[in-house]
Amino acid sequence: MKLFTGLILCSLVLEVHSGWFSFLGEAYEGTKDMWRAYSDMREANYKNSDKYFHARGNYDAAQRGPGGVWAAEVIRENIQRVTDLFKPGDSGHGLEDSRADQEANKWGRSGKDPNHFRPAGLPDKY
């Protein structure tokens, strides 16, 4: 009985432990996805493309799993806090633009196609 209980306990601990490593890996990869979308947005410097890159970064991160979704949410919240230091309640581009960015973030995290926000003429590279 003690052996059986020990085996069950060990398997539960190992499962939780491996699940935690999986979550951390997803979060790390999701963070890289968000950074890649941001870098691409800066590189493209294409008018009216920011919503697409917001949605794409969140979409890519969310595809990693729960850790990627968590990373995307944490990154968005912390970026909002930093921008609020300079202009409270405003990303620096107006409250309406900030709300539209948040909608694009949610769109991507929910698994919807980020190309919904893709502006005409944006190079295929992105």
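A short reminder: the numbers here are calculations on the coordinates, not readings from a lab. Note that the structure is predicted; figures quoted are calculated from it, not measured. Please note: Cβ atoms are built from the backbone with ideal geometry, for glycine as well, and neighbour counts cover all protein chains shown.
Simple spin-label estimate for residue 82 and residue 113 gives 3.2 nm between the two label positions (7 Å along the Cα-to-Cβ direction from each Cα). Compared with the direct C-alpha span, the chain from residue 22 to residue 103 gains 26.4 nm at full extension, assuming 0.36 nm per residue.
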